[in-house]
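Report on the following structure.
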Amino acid sequence: MDDERIKFKLKLASAFISEGKNLHAVQVYLNLIEETEREEIYFHLAELYEDMGFIDSGKNILSNLVRLKNNNDATLYFGQYLLRNSRWIEAIEILNSISETTPAALFLIAYSYMMLNEFELAKEYFADFITFDEKNDLKQEANLYLAKIEYELRNYNSALNYATNAQYLYSDFWELNLILAKVYYSLDMFTHAVNPIQKALKLNPKDASVQEFAGKIYYQLQDFKKAEKYFSEFIDLSSEVSAEIYTLLAKSFLKQRKMEEANLFFELALQTDPAYQPAIAGKGALNK
């Protein structure tokens, strides 16, 4: 089939899609694949299946392409498709075959391991990615993820180093500022945590974790009015609240001599976890 005929068929498929006739477009793409075996046709068809919710059909098309072509571009695209659809383990298996020659594959494997909470493996692959290509555009994003990973592994000084590096590109990204605030909090550097948590609050006030850590930071700074505000916001945003947060809010009320409110939230803490000692002790002290 000549190029003009292929272009006509592709335009026809696009027209069908715009009219909502997706099955007609699928048939056009399948016919083109039979006649041309061009990679772009496989990509178009996989994306159409994905848009239609037929994730496995798209996966099968791309699997056929990788078997047929066996090149890095097709494999990388297949890996990206699997990642978009949260097929983390399958993505790792596919991308490992090109990881020694394709730095983007290292990045995507690392990301998949991170999403699986396999933090040590994610750390290893992100570090390999940075070493492989120091000038890659994704380096600062890798630093951002490494900061998250090191925080989860409780390597707080290392997390701070990666987060600081990531500021070069992500200084106005709410999640980086939240990570910085959490790291400073974990290092007992509560005053240092104020600026990043305030930036995170400004950039994404509807995130429950941002409100939670704002409350914790201001509680440690003994600004109990602000702690009350942010813990209350967290509770409004969250479907699950721990006994710890109820207790910290109760103590924030207690420090402001709001006894009825303090008693209420000590009660909620004990309903959540009857054995939670800080709540037991707080309620006991309140009732003396």
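Per-residue packing, averaged as other Cβ atoms within 10 Å, sorts the ranges 111-120, 5-14 into the order 111-120, 5-14, beginning with the highest.
Of interest is the spacing of the C-alpha centroids, which for the stretch 184-258 and the stretch 1-52 amounts to 52 Å.
Compactness check for the stretch 164-247: Cα Rg over 2.2 N^0.38 Å is 1.04. Using Cα-only point scatterers and the Debye equation, what is log10 of I(q)/I(0) for the stretch 139-198 at each q in 0.14, 0.15, 0.21, 0.22 Å⁻¹, rounded to two decimals? Values, matching the q order: -0.29, -0.34, -0.67, -0.73. The orientation-averaged projected area of the convex hull spanned by the Cα atoms of the chain comes to 19.6 nm². Pairs of C-alpha atoms in the stretch 247-288 farther apart than 14 Å represent 32 percent of all such pairs.
By definition, a body whose alpha carbon gyration tensor gives a ≥ b ≥ c is oblate when a/c is 1.5 or more and a/b is not larger than b/c, and the stretch 1-70 fits this oblate description. The packing ranking of peptides 215-225, 236-246, 171-181, highest mean first, is 171-181, 215-225, 236-246, where packing means the average number of other beta carbon atoms within 10 angstrom of each residue. Ordering L249, Y170, A214 by the projection of their Cα atoms onto the charge dipole of the chain, which places +1 on the Cβ of Lys and Arg and -1 on the Cβ of Asp and Glu, puts L249 at the extreme positive end.
Each reported figure results from applying straightforward, stated rules to the coordinates on display, with no laboratory input. Since the structure is predicted, the reported quantities are computational estimates derived from the model, not experimental observations. Glycine also receives a Cβ, built like all others from the backbone with ideal geometry; neighbour counts cover every protein chain displayed.
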